Ligand code: PLP
């Protein structure tokens with residue numbers, strides 16, 4: 001048993017006792033204590049967009065830490081938060097007029113759900129049912145697990161999870177079943193529908209079409225059901241556009257953003273809401289205010305990092321990098337698709353994925369086996385069950401991406417032999 005007191009997330013310590021220590025990182029490369037250089041092909045859990053230790057983000061963090069490190073945000077404000085909120089308003093759909101800060105993707109979703117319920121309560125309507133999508137993932141807190149897929153990873157907590165209505169994933173050719181199920185729950189008065197636009201991430205990198213997303217949005221609008229877009233993973237260019245919702249031409253009622261909001265350097269999240277949702281909480285009655293906060297809400301250092309991220313989007317060719325990375329991913333994916341073990345190769349924007357052999361489920365032995373084999377080859381890839389995906393920082397070089405796919409090819413050969 002390891003001597004370290006650290007208990008790692010989503011890690012079975014009984015199977016992985018030796019945890020590699022990372023001492024530094026730059027671009028898409030991690031440096032370990034033992035001297036290895038590891039290519040980060042999953043952007044350190046999908047957060048690192050412009051590469052590790054981006055000098056502008058690092059400088060913004062350092063400067064802000066010397067100026068104002070932290071201030072209670074209930075009833076107080078500061079320049080980095082005001083600037084960031086204005087910057088987000090300018091870039092996100094125009095109907096999203098209000099910005100509520102929090103610290104993680106999960107919390108941004110919890111906030112979205114609470115905003116939706118508060119909206120209906122203050123309008124005097126009894127609507128509290130939440131519609132969700134099969135295979136969805138929105139975080140690991142009790143509320144976000146409730147709106148996510150149920151499985152082995154939340155079995156212990158099942159008795160505490162609240163009841164939701166889950167609609168089928170719109171697999172290609174089966175979209176109508178999704179629309180019918182959504183129409184039913186909306187007609188019955190669902191308060192809100194929460195969904196990951198275009199890609200269900202942790203559920204297995206499952207892609208669906210933009211026109212399907214648009215139709216789901218139309219159904220919700222028809223019945224007044226609030227549409228919550230969880231773009232925690234898909235936001236900040238991952239799917240080829242700043243937001244995945246853009247590809248469907250829709251503006252959600254509530255938008256959750258985190259991960260790439262600081263370029264991946266420091267935790268921060270926002271939940272953006274349309275004016276009617278803010279207005280429903282606006283009153284002289286204290287009982288009607290929005291009852292949510294955390295100690296570090298809108299931490300100035302994190303906001304400064306996010307402002308540096310926005311400046312990078314404005315001043316560096318980020319969209320160009322995204323488009324080039326997408327093309328390179330496509331070319332590699334096409335090559336790897338010829339391997340007899342590869343099933344359903346797919347790509348959207350900067351995300352490439354495929355399944356290895358037939359469905360195995362999240363807890364299959366294949367995932368940790370592959371993870372260890374990738375680690376031996378100095379590549380950070382973390383398959384979801386039998387799904388391998390590559391989601392690197394946008395700055396990854398041709399050579400680095402080539403090394404990632406060489407490792408994948410090698411690992412597939414080893415598994416197949
Ligand atoms: N929502 C989506 C779509 C996610 O992919 C994730 C994390 O992977 C979350 C929410 C939770 O974010 P966090 O891990 O920052 O709490």
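Does residue 127 satisfy the criteria of being more than 16 Å from the ligand (Cβ to nearest atom), over 27 Å from residue 242 (Cα atoms), buried (at least 18 other Cβ atoms within 10 Å of the Cβ) and modelled with pLDDT of 95 or more?
yes
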Item to check | Complete set of residues in the stretch 234-261 that are within 11 Å of the ligand (Cβ to nearest atom) and assigned to a strand (DSSP E or B) | outcome: 256, 257
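Of the residues 295, 274, which is farther than 18 Å from residue 92 by Cα, more than 16 Å from the ligand (Cβ to nearest atom) and surrounded by fewer than 24 Cβ atoms within 10 Å (Cβ to Cβ)?
Criteria check complete, one pass: 295.
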Item to check | Tally, over the stretch 349-381, of residues that are within 17 Å of residue 29 (Cβ to Cβ) and under 20 Å from the mean Cα position of the chain (by Cα) | outcome: 2
Checklist entry - Is it fair to say residue 141 is at pLDDT 95 or above, surrounded by fewer than 17 Cβ atoms within 10 Å (Cβ to Cβ) and within 16 Å of the ligand (Cβ to nearest atom)? => result yes
Next on the checklist: List the residue pairs whose Cβ atoms are under 6 Å apart, where the first residue sits in the stretch 123-138 and is within 14 Å of residue 224 (Cβ to Cβ), the second is part of a strand (DSSP E or B) and away from the ligand (no atom under 16 Å from the Cβ), and the two are 6 or more positions apart or on different chains.
Outcome noted: 131/165
Next on the checklist: It is to be established whether one or more residues within the stretch 88-101 are in the same structural domain as residue 162 (by TED's automatic domain parsing), buried (at least 23 other Cβ atoms within 10 Å of the Cβ) and within 16 Å of the ligand (Cβ to nearest atom).
Outcome noted: yes
Item to check | Filter result for residue 227 (assigned by TED's automatic domain parsing to the domain that holds residue 123, within 30 Å of residue 309 (Cβ to Cβ) and either crowded, with 24+ Cβ neighbours inside 10 Å or away from the ligand (no atom under 16 Å from the Cβ) (or both)) | outcome: yes
Checklist outcome for this item: Apart from one, (1) within 16 Å of the ligand (Cβ to nearest atom); (2) within 20 Å of the chain's Cα centre (by Cα); (3) more than 27 Å from residue 43 (Cβ to Cβ) all hold for residue 197; the odd one out is (3)
Item to check | From the options 209, 238, residue that is outside the structural domain of residue 322 (by TED's automatic domain parsing) and surrounded by fewer than 22 Cβ atoms within 10 Å (Cβ to Cβ) | outcome: 209
Item to check | Enumeration of residues in the stretch 29-50 that are at positive phi and either touching a helix residue (DSSP H, G or I) at 6+ places or on another chain (Cβ under 9 Å) or within 16 Å of the ligand (Cβ to nearest atom) (or both) | outcome: 43, 44, 45, 46
Checklist outcome for this item: Of the residues in the stretch 32-50 that are farther than 25 Å from residue 106 by Cβ and either touching a residue at least 12 places away in the same chain (Cβ under 8 Å) or in contact with a strand residue (DSSP E or B) (Cβ under 7 Å, 6 or more places away or on another chain) (or both), the one that is surrounded by the fewest Cβ atoms within 10 Å (Cβ to Cβ) is 34
Checklist entry - Looking only at residues in the stretch 54-67 that are loosely packed, with under 15 Cβ neighbours inside 10 Å and touching a helix residue (DSSP H, G or I) at 6+ places or on another chain (Cβ under 8 Å), which one is nearest to residue 260 (Cα to Cα)? => result 59
Checklist outcome for this item: Residues in the stretch 207-233 that are within 18 Å of residue 389 (Cα to Cα) and part of a helix (DSSP H, G or I) total 0
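Yes or no, residue by residue, for (1) buried (at least 20 other Cβ atoms within 10 Å of the Cβ); (2) touching a helix residue (DSSP H, G or I) at 6+ places or on another chain (Cβ under 9 Å); (3) at pLDDT below 95:
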site: 352; (1), (2), (3): yes, yes, no
site: 360; (1), (2), (3): no, yes, yes
site: 364; (1), (2), (3): no, no, yes
site: 379; (1), (2), (3): yes, yes, no
site: 398; (1), (2), (3): no, yes, no
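The values are calculated or read from the model by the stated rules, or taken from the named source; none is laboratory data. As the structure is a computational prediction, the values presented were derived from the model and not from experiment. Glycine gets a Cβ as well: all are built from the backbone with ideal geometry, and neighbour counts include every protein chain shown.
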